[in-house]
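Input: a single structure, listed below in structure tokens.
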Amino acid sequence: MNGHRSYLLALLLGLLCGLKSQAAEIRILTTLPVIHSWAANVAGDAATVESLLPANVGPHDFQFRPSDLRKLAAADVVLMNGLGLDTWLTRAVTRGASKPSRRVVTVTDGLQPQLIHHLTPLAMDAETTGSKKSHSDHTHNHGDEDANPHVWLDPVFAKHCVSNIIQALCQADPAHADGYTRRGATYLQELDQLDTQIRSSLKDLSNRRIVTFHDAFPYFCRRYDLQLVGVVEEVPSVDPSPKYLAQLSRAIRKQQVRVIFSEPQFHPRLVKRLANDLAIGVAELDVLETGSASRTFYIEGLRRNLRTLESSLR
Ligand SMILES: [Zn+2]
């Protein structure tokens, strides 16, 4: 009987310890779904990862609500993109919801020397190239730091961001550092494989010229040697002027672009009309700014884009 009771006691203690260690898990809060996806791979079951952005709202349209302060207040580590894309978070963090031990980490830190600081100009000829507009000239939240913020679409840059995440989690939660390092290393290998796969799949394409909807792909194009002939939205979040669309159409004809890429979070109306007028195709590339995050969200998203590019540009 006694043995039975002490067994029950041990079981109860075990349960309590289990509960306690669960409660001690650190809480990670992310802005973009890609950052959520990266963090989930590094965190495994050692930490909880939560997103600020609802699945159907992109970072350019997100408004920080008072109810988000609760998530912010509970977070031990906050992971953001920076480069002006999630400035609403910086403002909220400085305003309050303070947890003295909280770390706010900009995952793109260290990429500064490799950033692109101008909007993609039309690749046509001297009269229309050389747009001096920068990312800080427009109302799109891309602005504050004057660089194009879409670094995640380049898997090599993604590796840099993931390394920053590994380091941040190890510092915030040293007890689980081994796990973060191990899972992080495995994920970095997967990103390497992704980079290799994209490189070899795109290397022999006959047509390397593309037009996208908003100015999200310059890093991807630079990495894989595609030519971004132009973007439909001259200024992000602003309807392009008829004059600009006429210039874009001329560039598309001159460069023999065969397909325009729309994006899932924007209505394809404008792209379809333009492609119709020019008698060329339409396909969709995902900039991964919206969607419900999961561990596979980032790599699967880029693989989907790769298949689209292969079939559209072959
Ligand atoms: Zn964007």
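The values are calculated or read from the model by the stated rules, or taken from the named source; none is laboratory data. In this text, all values refer to a predicted model and were calculated from it rather than measured experimentally. Reconstructed Cβ throughout: ideal geometry from the backbone, glycine too, with neighbour counts over all protein chains shown.
The residue that is modelled with the lowest pLDDT, among those in the range 68-84 that are of a type outside the set (V, I, T) and buried (at least 21 other Cβ atoms within 10 Å of the Cβ), is L72.
This table checks each residue for (1) in contact (Cβ under 8 Å) with a residue 60 or more places away in the chain; (2) within 16 Å of the ligand (Cβ to nearest atom).
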| residue | (1), (2) |
| --- | --- |
| W152 | yes, yes |
| F157 | yes, yes |
| S163 | no, no |
| A168 | yes, no |
| H176 | yes, no |
| R183 | yes, no |
| L188 | no, no |
| D192 | no, no |
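Of everything in the range 227-246 that is surrounded by 18 or more Cβ atoms within 10 Å (Cβ to Cβ) and in contact (Cβ under 8 Å) with a residue 40 or more places away in the chain, the residue that is nearest to R273 (Cα to Cα) is V232.
Please specify each residue of the range 271-302 satisfying the condition of being in contact with a Phe, Trp or Tyr (Cβ under 8 Å, 6 or more places away or on another chain) and more than 16 Å from the ligand (Cβ to nearest atom). If the condition is that a residue be in contact with a Phe, Trp or Tyr (Cβ under 8 Å, 6 or more places away or on another chain) and more than 16 Å from the ligand (Cβ to nearest atom), then V282, A283 are the ones that fit.
Within the range 38-67, track down each residue that is over 22 Å from G84 (Cβ atoms) and surrounded by 14 or more Cβ atoms within 10 Å (Cβ to Cβ). Answer for the range 38-67, where residues must be over 22 Å from G84 (Cβ atoms) and surrounded by 14 or more Cβ atoms within 10 Å (Cβ to Cβ): A40, N41, V42, A43, G44, A46, A47, T48, V49, E50.
For the range 251-270, the set of residues classified as buried (at least 17 other Cβ atoms within 10 Å of the Cβ) and touching a residue at least 60 places away in the same chain (Cβ under 8 Å) consists of A251, Q255, Q265, listed by residue number.
For the range 137-163, filtered to residues that are modelled with pLDDT of 50 or more and in a loop (DSSP other than H, G, I, E, B), the residue that is nearest to Y298 (Cα to Cα) is D154. When the residues of the range 294-303 are filtered to those that are touching a Leu at 6+ places or on another chain (Cβ under 9 Å) and not small (G, A, S), the one that is farthest from F220 (Cα to Cα) is F297. Looking for something at pLDDT below 95, in the same structural domain as A185 (by TED's automatic domain parsing) and within 28 Å of D215 (Cβ to Cβ) - is there at least one such residue anywhere in the range 35-43? So far as the range 35-43 goes, no, none of its residues is at pLDDT below 95, in the same structural domain as A185 (by TED's automatic domain parsing) and within 28 Å of D215 (Cβ to Cβ).
For the range 169-183, does any single residue satisfy the condition of being over 21 Å from the mean Cα position of the chain (by Cα), at pLDDT 95 or above, basic (K, R) and in a helix (DSSP H, G or I)? The answer is yes; a qualifying residue exists.
Matching residues to (1) within 16 Å of the ligand (Cβ to nearest atom); (2) on the phi < 0 side of the Ramachandran plot:
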| residue | (1), (2) |
| --- | --- |
| W38 | no, yes |
| N41 | no, yes |
| N56 | yes, yes |
| K71 | no, yes |
| G82 | yes, no |
| R103 | no, yes |
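The set of residues from the range 288-299 being at pLDDT 95 or above and either farther than 16 Å from W38 by Cβ or crowded, with 16+ Cβ neighbours inside 10 Å (or both) comprises L288, R295, F297, Y298, I299. Pairs meeting the criteria (first residue in the range 285-299 and in the same structural domain as T212 (by TED's automatic domain parsing), second residue within 12 Å of the ligand (Cβ to nearest atom) and assigned to a helix (DSSP H, G or I), beta carbons under 6 Å, at least 6 apart or on different chains) are L288/V34; Y298/V34.
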